[in-house]
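The values are calculated or read from the model by the stated rules, or taken from the named source; none is laboratory data. As the structure is a computational prediction, the values presented were derived from the model and not from experiment. Because the Cβ atoms are built from the backbone with ideal geometry, glycine has one as well, and the counts that use them run over all protein chains shown. With ligands, DNA and RNA removed, areas are computed over all heavy atoms of the protein, side chains included. Shrake-Rupley method; radii C 1.70, N 1.55, O 1.52, S 1.80 Å.
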Amino acid sequence: MYRFLLSRQWVILTLISLVLIPVMVELGFWQLHRHQHRVAQNALISDNLTARPVPVTELSSPGHTVPRADYWRRATATGTYDTAHEVVVRRRTNSDDRIGFHVLTPLVLTDGRVVLVNRGWVPAAADQAAFPEVPPAPKGEVTVTGRLMADQTTGASGIRDLAGLPPRQIMLINSEQQAKRIGRPVLGGYLEQTAPEPQGGTPELIPAPDHDSIGAHMAYAVQWWLFAAGVPVGWVVLVRREKRDREAAAQTGTAEPATAAAQGSGTA
């Protein structure tokens, strides 16, 4: 009574089932790896945010590529702001998802090198091509504490580095590009300022990255594996139903029923 499994419909159904099982298992492992990556990243962010601040010159130098292990590392820098080369970064949002700019001001260190400091967020002007209203940077020597961030690139961020932007506006924070503008050696990466708090609360300091939530990747992994386990179970249920229907048809002398696979294709 199982010869019907050799029919075209059942061969196709069986092959589809055999393909679905490994695909669903692989999708489950993909979600598991995303869960593990998120957990590891949360741990890295938490450790670096709570680590003792160190001078930024111990973590970076001109041309240096900030490694992932140093992302969000707390660092300090002492120097004088070069407001003549201050720029703003377009299309950045604040904690309320308002679109505006990040204020990027070079800080000239005591040894003449420069570190870029993202001083925070300001709202956009009514005219997107106009330079926004930016509170002046503190004068004289200052000490800034911030989170060390890697240079932004189109490949890493997905943001296109557009040409022909209005004066003193950029799309990406990149130390090499700014070094060419400033004419000084610039440390790789940049600092995302966390202290001191700006007077009047502007620019608005950038909040710390989320490092508590882990998402639903693990639940999705389990879901895919349950689907994979359900495929052979469903196949067996369909086979037993088909066998039972055929036996019932043989006993009553009626014509053989259409296969479950054919019925399924006809109702799809």
- Task: Run a plain Debye calculation on the chain (Cα atoms as equal point scatterers, no solvent) and give log10 I(q)/I(0) at q = 0.07, 0.10, 0.13 Å⁻¹, rounded to two decimals, same order as the q list.
- Result: -0.46, -0.64, -0.87
- In the stretch 1-91, which chymotrypsin sites (Phe, Trp or Tyr not before Pro) fall in coil by DSSP and have 10 or fewer other Cβ atoms within 10 Å? 2
- Exposure of residue 47 as accessible area (Å², to 10), given a probe of 1.4 Å and all protein chains: 100 Å²
- With every protein chain in place, the accessible area of residue 243 for a 1.4 Å probe, in Å² rounded to the nearest 10, comes to 50 Å²
- Item | Kirkwood-based Rg to Rh ratio, the stretch 179-232, C-alpha trace | 1.38
- Message: Under the rule of at least 5 residues apart or a separate chain, name every residue whose amide H is placed under 5 Å from the amide H of residue 101.
- Response: 92, 122, 124
- Using alpha carbons only, what's the Rg to Rh ratio of the stretch 51-169 with Rh from Kirkwood? 0.96
- The size of the Cβ-based charge dipole (Lys, Arg +1; Asp, Glu -1) of the stretch 91-175 about the Cα centre, to the nearest 20 debye, is 40 debye
- Given a 1.4 Å probe and the protein chains all in place, what does the accessible area of residue 50 round to, in Å² to the nearest 10? 110 Å²
- Return the tail of the calculated pair distribution for the stretch 35-111, meaning the percent of Cα-Cα pairs more than 20 Å apart. 54 percent
- Query: Counting only protein heavy atoms, what percent of the accessible surface of the chain is carbon or sulfur at a 1.4 Å probe?
  - Reply: 57 percent
- Task: Find how many whole Å separate the alpha carbon centroid of the stretch 80-135 from the alpha carbon centroid of the stretch 200-251.
- Result: 45 Å
- Note on the structure: Whole-percent tail of the Cα-Cα distance distribution for the stretch 1-59, cut at 16 Å, equals 69 percent
- Query: Just how large is the dipole of the chain about the Cα centre, in debye to the nearest 20, putting +1 at every Lys and Arg Cβ and -1 at every Asp and Glu Cβ?
  - Reply: 760 debye
- Mind checking which of 92, 240, 160 has the largest fluctuation in a GNM of the chain, springs on alpha carbons under 10 Å? 240
- Among 162, 236, 124, whose Cα sits farthest toward the positive end of the charge dipole of the chain (+1 at Cβ of Lys/Arg, -1 at Cβ of Asp/Glu, about the Cα centre)? 236
